[in-house]
Amino acid sequence: MAAGEIDVRLENVSKSFDRVEAVKDVSVDIPRGQFFSLLGPSGCGKTTTLRLVAGFEHPSAGAIYIRGAAVTRVPPYRRDYSMVFQNFALFPHLTMAENVAFGLRMRRVPGPERARRAREALAMVKLEGLAERYPRQLSGGQQQRVALARALVVQPAVLLLDEPLGALDKKLREEMQVELRELQHRLGTTTLFVTHDQEEALTMSDRIAIMRDGVIEQIGQPREVYERPRTEFVASFLGVSNFFDGRITAAANGSATVDLGFGQAVLSHRGTVGEAVRFAVRPEKVRLGQISTGGFAAQVREIVYRGVTTHIYLDCHGNEVIVFLQNASSDALAWRIGDAVAFSWERDSAVVLDRG
Amino acid sequence: MPSSSIAADGSPLGDLLRQLRSWSLVALPILFFLIFFAGPLLYLFVVSLLEPSQTELYGTNVTLQNYAKVLGDEFYLRIIQRTLLVGALVTGIALLIAYPVAMAIARMTPRWRIIAMIALMFPLMLSNVVRAYGWIAVLGRQGVVNTVLTQAEIIDAPLALLYSIEAVVLGLMTILLPYMIISIANSLTGLDRSYAEAAQSLGAGPLRTFIHVTWPLSSPGVAAGMQLVFFLTLSAYVTIALLGGPRFSLLVSMVYRSAMAFQWTFSAALAFVLLGVALGVGALIMLVLRPGRVQGRG
Amino acid sequence: MIRLGHILQNTIAGIAFLLILGPTIVVVLVSFSSAETFTFPPPGLSLRWFVEFFQADNMTSAFLFSMRVGATSAVCATVLATLAARFVVRQRGVTSGLLQSLFTAPLVFPAIILGLALLLFYRTINFGGPGGLILAHVLIGMPYAFRLVLASLQSFNQTLEEAAQSLGAGPFRTFFLVTLPIIWPGVLSGGLFAFIVSFGELNVALFLTGPGYNTLPIEIFGYLQFPGRQLIIAAASTLQVAMIIVLALTIERLVGLARIGKS
């Protein structure tokens, strides 16, 4: 895939409904072949953004390009994309084969070729045997695959996915995540994916944009947004975080000493003395030890066994601190409620957040 | 509860008693329907197969002569033909008008949609004789149309607008139109907009979205509306008599007149010919529109 | 292009509503006419035709008879419908579908055939008169009552009945103390609807009415077949319009008319 070619571009796009701004000044570039996710809670504007790309909504301001062509004022049916809907929207009066062939028919692909390509697309999602069935006769997972085949068979410049796994149960969803990701890798189709499920976004994406109140808070690779969240919202929406507040008492060479009230912490941060800072530490980055090992003193308040991990809730001078321990050995199970413990983290595990 | 102690245990007898008790309450309405609905209709069918009699309600011999009289006489065949024509016109014109109206209603906000639905339900609650009288008031010799045209000096003498096939079709069509609109509007309102969007996302413009998606998906509402309007047209003796005049006859008029002339066996046969027309056209509507497709049955 | 389509649709909708409601509005207007014969627009306003309506014996007795038939058949239809709906709501699959088709069959069945069948049946068993008409109207009104009661039972939380029974209430007390107080708007609306249907019914009444027991619509029909003082019919129509408006608003308050249109 030629890097650098931009398949989807949003330029300062805004959208208001009855004076409520659903999308505010959003700019995004999605290069060819990338799996790009819009992640956020419901009402954050991610679905509206997708529908703007699809042409079902028209932006109040800004411009949209698909493969370099300005489509801002182009109706949906003349844009080069296809879409998998949240409820799949398989036409109930058409068979699977007819559903898959629908886009080809609209593009006036001749009959025999249409049938062949529809067959191939159904084979690609491993459903060649169900070509003559109707949507009602299929399970949710099968419907999902047909919807995907219907969208991919037209070889779109960009594939739009509107929470396509939301209607499936957890186990099937996880299987489909892998399958979808594999298929996308194989075909190299540029993909814009909307989800509220942070794990799903982390699993599938090349790049994630986290949205809140119509604004993109952060864009980056999954690892980047998880490990280096820029705002408190990102840190808490993507996974779990411990938040600490403090004031810088000393700063030099890109490191700062912060007074937390119950102890001192050193952060990688260029700040000034007296500045108030808030930072986040992921629970799995927190180390737990006996009081004698050094660190901040705390008391074990609750222990929750979760199979792969054990979650330990600490009370540190009135602050709640969560620690995730791998159950690789029985160490994690050695703690008891009420134990006095010490916790600490590596300096780079603490991420200073933008004040927002 | 002592009374239910027998039924409370899980034995087969207890199950049976429980079943019997739950059926005993529904027995009354079922019995009522059997005696006053299914029974008389079956009886009427039997009578249609019996010889006429001068002294009794019907003779004793089984015969097809009543049906032969209807289907072998050109007079009655022409009436059947005219009945089909009026039914087709009423149903067809109602469909042509109702579909765009239903689309407009489906686009409305819920509040306005409710107001529109009430405005459509209300006339259906009025007696048809009152609504037919409304058309007499509009089309009659001193009616609104003639008054307006005379005063505008477009015509000199009042036109004879009533007592014509056009008056019957217009009257029946408008009287039954709300059924068609409500039926189609309900199926359009219930349509998930993502179907139309999916069609557009696959390259279908407005016209092809309508032909390939919206129309077939609304076919249950269209089929139900067409059947209802056609069936009610077949039965609408009073409207036909008032707007068509004494010399305008459809099948239903013959059913009524022969019954009033005590030709029981013949009028029974006419009634079942009318039912046959209803079922035949009803089946034809299903065959053409195939509303079952929407439920995923070929 | 889409805009143009919408304008076209709205125009057709306007014409459709005019065709549906217009003639009835004309009738209501001329019923207040002071003229001797039908003239539009009325030369002056008066209530004389309403006075004449109530002075015409055949009209008032037909009106009262229609009220009686409507009320009696509506009560019977509602009781039967409630019994039927209570049973159907607990059935699944084929039984439920079959019974629903049975109890709503008179809705689509050509009523003229039913009228003839009942007339012949009554003649054979030597039955008839007002009672025969009332029973026929129970049959005609029951599908409406059945659908409304069934709809309210379907949205009724069945666990409430289980709760009442777990607290010691038998089936009868459960129904009258728990179920009915919750579903009564549907039951009452069903009854009102059955009344309305009976009050305007023509096709069955054509066969089953007779001298001394004519319903108002049949009386009006008879009147209209001969040229005469037709404005008394306009007054009768206006009274019916007024009554339907009151009943329709009541039903709208109770369960919502638009919801009935759905079923």
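The values are calculated or read from the model by the stated rules, or taken from the named source; none is laboratory data. Quick caveat: nothing in here was measured; it's all calculated off a predicted structure. Every residue, glycine as well, gets a Cβ built from its backbone with ideal geometry; the counts of neighbours run over all protein chains shown. For accessibility, only protein heavy atoms count, side chains too; no ligands or nucleic acids. Shrake-Rupley method; radii C 1.70, N 1.55, O 1.52, S 1.80 Å.
Here residue A:239 fulfils each of the conditions (1) at pLDDT 90 or above; (2) in contact with a helix residue (DSSP H, G or I) (Cβ under 7 Å, 6 or more places away or on another chain); (3) not in a helix (DSSP H, G or I) apart from (1).
The helices (runs of 4 or more DSSP H) located wholly in segment C:115-213 that include 3 or more residues which are open to solvent by 40 Å² or more (accessible area, probe 1.4 Å) and in contact (Cβ under 8 Å) with a residue 40 or more places away in the chain occupy C:129-154. Residue pairs whose Cβ atoms lie under 9 Å apart, sitting 6 or more positions apart in sequence or on different chains, and linking a residue in segment C:14-42 that is in contact (Cβ under 8 Å) with a residue 24 or more places away in the chain and part of a helix (DSSP H, G or I) to a partner that is open to solvent by less than 70 Å² (accessible area, probe 1.4 Å) and polar (S, T, N, Q), are C:24/C:237; C:27/C:237; C:27/C:238; C:28/C:237; C:28/C:238; C:30/C:39.
Only residues that are within 14 Å of chain B (Cβ to nearest Cβ), polar (S, T, N, Q) and assigned to a loop (DSSP other than H, G, I, E, B) were counted in segment A:56-95, giving 3.
What's the number of the only condition in (1) assigned to a helix (DSSP H, G or I); (2) open to solvent by 30 Å² or more (accessible area, probe 1.4 Å); (3) under 18 Å from residue C:19 (Cα atoms) that residue B:150 fails to meet? Unmet condition: (3). Against the conditions (1) surrounded by fewer than 16 Cβ atoms within 10 Å (Cβ to Cβ); (2) more than 9 Å from chain B (Cβ to nearest Cβ), residue C:245 satisfies every one except (2). Within segment B:41-78, if we keep just the residues that are within 25 Å of residue C:207 (Cα to Cα) and among the acidic types (Asp, Glu), the residue that is modelled with the lowest pLDDT turns out to be B:56. Of all residues in segment B:191-209, one or more are open to solvent by 10 Å² or more (accessible area, probe 1.4 Å), touching a residue at least 40 places away in the same chain (Cβ under 8 Å), more than 9 Å from every other protein chain (Cβ to nearest Cβ) and within 30 Å of residue A:150 (Cα to Cα).
Could you grab me the full set of residues in segment B:89-131 that are at the interface with chain C (Cβ under 8 Å from one of its Cβ atoms) and closer than 28 Å to residue C:230 by Cβ? If the condition is that a residue be at the interface with chain C (Cβ under 8 Å from one of its Cβ atoms) and closer than 28 Å to residue C:230 by Cβ, then B:119, B:120, B:121, B:122, B:123, B:125, B:126, B:127, B:128, B:129, B:130, B:131 are the ones that fit. Would it be correct to say that residue C:100 is surrounded by fewer than 23 Cβ atoms within 10 Å (Cβ to Cβ) and modelled with pLDDT of 90 or more? It is true that residue C:100 is surrounded by fewer than 23 Cβ atoms within 10 Å (Cβ to Cβ) and modelled with pLDDT of 90 or more. If you go through segment A:100-120 and keep only what is facing chain B (nearest Cβ under 9 Å) and open to solvent by less than 20 Å² (accessible area, probe 1.4 Å), you end up with A:102, A:103, A:104, A:106.
Please determine, by comparing only the residues of segment B:21-40 that are farther than 30 Å from residue C:120 by Cβ and at pLDDT 75 or above, which one is most open to solvent (accessible area, probe 1.4 Å). Selected residue: B:23. Within segment B:39-68, the set of residues being within 13 Å of chain C (Cβ to nearest Cβ), closer than 13 Å to residue B:263 by Cβ and under 26 Å from the mean Cα position of the chain (by Cα) comprises B:47, B:48.
Only one entry of C:89, C:75, C:69, C:94 meets the criterion of being crowded, with 19+ Cβ neighbours inside 10 Å, of a type outside the set (Asp, Glu) and either under 30 Å from residue B:264 (Cα atoms) or more than 9 Å from chain B (Cβ to nearest Cβ) (or both), and that entry is C:69.
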